[in-house]
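Step one of this worksheet: look at the structure below.
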Amino acid sequence: MEAPQGSSQDLSDCLPYVKFAKLDELLALGRANSLWPLTFGLACCAIEMMAAGASRFDLARFGAEVFRPSPRQADVMIVAGTVNKKMAAAVKTLYDQMPEPKWVIAMGNCAISGGPFVFPGQYAVVEGVDKLFPVDVYIPGCPPRPEALIEGLLKLEEKLTGKRRWPVVKSE
Amino acid sequence: MIVKEQVKTEITPDGAPRETFVINLGPQHPATHGVLRVKMVMDGEYIVRAEPVCGYIHRMQEKMGENRTYAQFLPNTSRIDYLSAMTYTHGFVGAVERAAKLQVPPRAEYIRVITSELNRISSHLVWWGAFLLDLGGFTPLLYAFDDREKILDLLEAITGSRLTYSYYRIGGLYNDIDDQFIKGTRDFIAQMRPRLKMYKSLVTDNIILRKRLIDIGPISKDMCRKYGATGPVIRGSGVPYDVRKIEPYSAYPEFDFVIPTVEDGDSMARYLVRMEEMVQSLRIIEQALDKLPAGPVMAEKVPRVLKLPAGDYCYAVEAARGRFMVRIVSDGKEIPYRVKLRTPSLSNLSLFEEASEGMLLPDALALMGSLDLVIPDIDR
Amino acid sequence: MNADNPLAHLPIPFQAVDYAAKGYHLDATVPPDQVVSAAAQLDKEGLALDTITGVDWMAQGQMEVVYDYFHPAKALRVVLRTRIPRDNPELPTIRKVFPGADWHERETHDFFGIRFLGHPNLTPFLLPEDANYHPLRKDFTT
């Protein structure tokens, strides 16, 4: 049977000018390059998050400088600081209010496992935010440097798109 | 406490019902600088009564004081008020040294003053940027963080950390400073002075800022005294109370500096006090660098296992937010019996309920920003 | 008035303390029913409230409530102490004299269970609203 019009023969002529991809991959690329974080600085890590958004470290070049105060408008919740038992209900509510697709970055030792505030007989700290909801990226540090937060975002982007967009810095 | 009777409905002259309502500010809110919740009974845009609710970042610092040796508690001191971490470590270390009768060498005292004042400037810069962000201006935040990065570079080179330093040790310092730090600090001072002048013409003299802050949130001298408010709050109400001058500690008596005090008591007064404090801090750092003595930076014969004699000991420092006092109760063991941390933000915020009655909501936020709160400082 | 004790004219049994060794100038222990009148006298002298806290002396069956005051114009640090029985810890509130005591007393109640009589709102301040434990008591376990 003759090849119908618009068959692969014609399409291959366009290849230098047109890029084809799965819609999924395009959506993932769009989402990864414009992750909008929720302003959720709880304690000390919040200051390093603000420093990451400021001029020297500049999250804007990764599309992530638009911190949204409302969870309805945010993609990623960067939990920066210690989560308390008193605060845990509010954190869970915020997570539930975020629309899908959503991701969580646990920034700092407190969000990963309670940090320096875990001791036998402790009564107030939730030992890690992954006890409340699933976490995608963990960034250790107390507090982690802004570069570490950027690396965490790049890891999240890699999780979304499957490719890392910034080369890994290798020491000489 | 907000009671049901305060929420009331009335019928206005034109027949429409008017009702006060309760809204929640926080705990997640861009303007509360941390996890503070304020329950407010509102009459339209006017606050009838605002009640702060704290405890959302309570991290058991005082309980940990009873669980750790004196040296093990040092990282906690930086995390109480992370913007002014050096001065808080100074408060704790000073209390232990006072109790153990340790003599800190002069070079260590001078370096403590230099690093504390650098920390004070970086704390005031964060306050300035965040305060203006609350009032609606984004630009100063970027300038402030840019200057702050220079301070953080200097401090990172000698302490290894950008935010929570734990640089001071019981009896002195972790390590000495080098010529690169001294040169870098002098360069910073030279570069910071014209920047502060630029901030004055860009922001302080800005008509919009002046209309937002002048005559907003007046706090009287007596109110400060009754609530124990200290720092720029009491100095902005005309009382020249500064722990560095009234209860001098460390090497401060050897420096010539002024305590900026403004009589008006409104938010603009507190703003001006902090801007001038940055100028004075630069003066102190310059004098300390000029007069820096040589010598060791650690006291001799600091016992490895430190036990303080039984009794209670206090030490107060002037942190960026006000008077920080540590009270250690010891029963002779190597772990304290009780560590009480008197933090400035708690006393400063306690007057918010009385001071914000009848204010418009944006004005109340300007008042709260001018108090310069760090919420983990309140909750500890 | 003598140089050691600038508040000697008040009927509070102040002892002069070596400031360089302890960090405060005057120290007095009063019975619990006199904390309010002592606070009123210190208020008239122009002192400001620094902080209020408790210490749990479990071995002695007592709790100590410590009031710290400071003067905003001169170097004068005053400590007022009182002791109450551990199994029934209550004493009057000083918040009519110093409104700032409101939060300090709520925090002391949170941590030790000390009841301040006359306080209109002794609900948890730093602990969750439904907390019924007092973590800084020496017999506290989770």
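The values are calculated or read from the model by the stated rules, or taken from the named source; none is laboratory data. Fair warning: this is a prediction, and the values are worked out from it, not measured in the lab. A quick note on method: Cβ atoms are made from the backbone with ideal geometry, for glycine too, and the neighbour counts reach across all protein chains shown. Note: accessible area is taken over every heavy atom of the protein model, side chains too, but ligands, DNA and RNA are not part of it. Shrake-Rupley method; radii C 1.70, N 1.55, O 1.52, S 1.80 Å.
Overview of results
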{"quantity": "Segment B:259-294: number of residues that are within 21 Å of B:LEU125 (Cα to Cα) and over 21 Å from the mean Cα position of the chain (by Cα)", "calculated": "1"}
{"quantity": "Residue match in segment C:5-17 (condition: in contact with a Gly (Cβ under 7 Å, 6 or more places away or on another chain) and within 11 Å of chain B (Cβ to nearest Cβ))", "calculated": "no"}
{"quantity": "Test: residue in segment B:49-66 that is within 7 Å of another protein chain (Cβ to nearest Cβ), free of Cβ contacts under 8 Å to residues at least 12 places away in the same chain and open to solvent by 10 Å² or more (accessible area, probe 1.4 Å)", "calculated": "yes"}
{"quantity": "Failed item in (1) of a type outside the set (Ser, Thr, Tyr); (2) under 27 Å from B:CYS54 (Cα atoms); (3) not in a loop (DSSP other than H, G, I, E, B), with A:PRO144 passing the rest", "calculated": "(3)"}
{"quantity": "Any chance B:VAL7 is out of contact with any strand residue (DSSP E or B) (no Cβ under 8 Å at 6 or more places or on another chain), at pLDDT below 90, hydrophobic (A, V, I, L, M, F, W, C) and open to solvent by 50 Å² or more (accessible area, probe 1.4 Å)", "calculated": "no"}
{"quantity": "Residues satisfying the stated conditions in segment C:23-57, i.e. part of a loop (DSSP other than H, G, I, E, B), open to solvent by 10 Å² or more (accessible area, probe 1.4 Å) and among the small types (Gly, Ala, Ser)", "calculated": "C:GLY46"}
{"quantity": "Whichever residue in segment B:219-248 is among the β-branched types (Val, Ile, Thr) and more than 7 Å from chain C (Cβ to nearest Cβ) and, among such residues, is surrounded by the fewest Cβ atoms within 10 Å (Cβ to Cβ)", "calculated": "B:VAL243"}
{"quantity": "Segment A:19-66: number of residues that are touching a residue at least 24 places away in the same chain (Cβ under 8 Å) and open to solvent by less than 50 Å² (accessible area, probe 1.4 Å)", "calculated": "25"}
{"quantity": "Meets criteria (out of contact with any Cys (no Cβ under 9 Å at 6 or more places or on another chain) and either at pLDDT below 90 or more than 23 Å from B:LEU132 (Cα to Cα) (or both)) for B:ASP147", "calculated": "no"}
{"quantity": "Residue within segment B:130-144 that is in contact with a Ser or Thr (Cβ under 6 Å, 6 or more places away or on another chain), surrounded by fewer than 22 Cβ atoms within 10 Å (Cβ to Cβ), not β-branched (Val, Ile, Thr) and not in a loop (DSSP other than H, G, I, E, B) present", "calculated": "yes"}
{"quantity": "Residue match in segment B:71-84 (condition: in contact with a Phe, Trp or Tyr (Cβ under 6 Å, 6 or more places away or on another chain), open to solvent by less than 40 Å² (accessible area, probe 1.4 Å) and farther than 26 Å from A:THR39 by Cβ)", "calculated": "yes"}
{"quantity": "Hits in segment A:79-107 - residues which are more than 9 Å from chain B (Cβ to nearest Cβ), open to solvent by less than 40 Å² (accessible area, probe 1.4 Å) and in a helix (DSSP H, G or I)", "calculated": "A:ALA88, A:TYR95"}
{"quantity": "Tally of residues being among the aliphatic types (A, V, I, L, M) and part of a loop (DSSP other than H, G, I, E, B) across segment B:51-93", "calculated": "3"}
{"quantity": "Selection within segment C:81-93 - more than 10 Å from chain B (Cβ to nearest Cβ) and either open to solvent by 10 Å² or more (accessible area, probe 1.4 Å) or among the charged types (D, E, K, R) (or both)", "calculated": "C:ARG83, C:PRO85, C:ARG86, C:ASP87, C:ASN88, C:GLU90, C:PRO92, C:THR93"}
{"quantity": "Hits in segment A:59-78 - residues which are touching a Pro at 6+ places or on another chain (Cβ under 9 Å), outside any helix (DSSP H, G or I) and at the interface with chain B (Cβ under 10 Å from one of its Cβ atoms)", "calculated": "A:PHE67, A:ARG68, A:PRO69"}
{"quantity": "Qualifying positions in segment C:58-80 - open to solvent by 30 Å² or more (accessible area, probe 1.4 Å) and either more than 9 Å from every other protein chain (Cβ to nearest Cβ) or of a type in the set (D, E, K, R) (or both)", "calculated": "C:MET58, C:ALA59, C:GLN60, C:GLY61, C:GLN62, C:LYS74"}
{"quantity": "Index of the failed condition, A:VAL76 passing every other in (1) open to solvent by less than 10 Å² (accessible area, probe 1.4 Å); (2) under 30 Å from B:THR77 (Cβ atoms); (3) of a type in the set (A, V, I, L, M)", "calculated": "(2)"}
{"quantity": "Residue check, B:TYR82 within 10 Å of chain A (Cβ to nearest Cβ), hydroxyl-bearing (Ser, Thr, Tyr) and farther than 30 Å from C:ASN121 by Cα", "calculated": "yes"}
{"quantity": "Within segment C:97-139, tally of residues that are within 8 Å of chain B (Cβ to nearest Cβ), more than 19 Å from B:VAL35 (Cβ to Cβ), open to solvent by less than 10 Å² (accessible area, probe 1.4 Å) and in a loop (DSSP other than H, G, I, E, B)", "calculated": "4"}
{"quantity": "Helices (runs of 4 or more DSSP H) (entirely within segment B:267-380) containing at least 2 residues that are crowded, with 24+ Cβ neighbours inside 10 Å and within 14 Å of another protein chain (Cβ to nearest Cβ)", "calculated": "B:344-350, B:375-379"}
{"quantity": "Single condition B:GLN72 does not satisfy, out of (1) closer than 25 Å to B:ARG162 by Cα; (2) in contact (Cβ under 8 Å) with a residue 12 or more places away in the chain", "calculated": "(2)"}
{"quantity": "Scope segment B:11-40; condition at pLDDT below 85 and more than 10 Å from every other protein chain (Cβ to nearest Cβ); matching residues", "calculated": "B:ILE11, B:THR12, B:PRO13, B:ASP14, B:GLY15, B:ALA16, B:PRO17, B:ARG18, B:GLU19, B:THR32"}
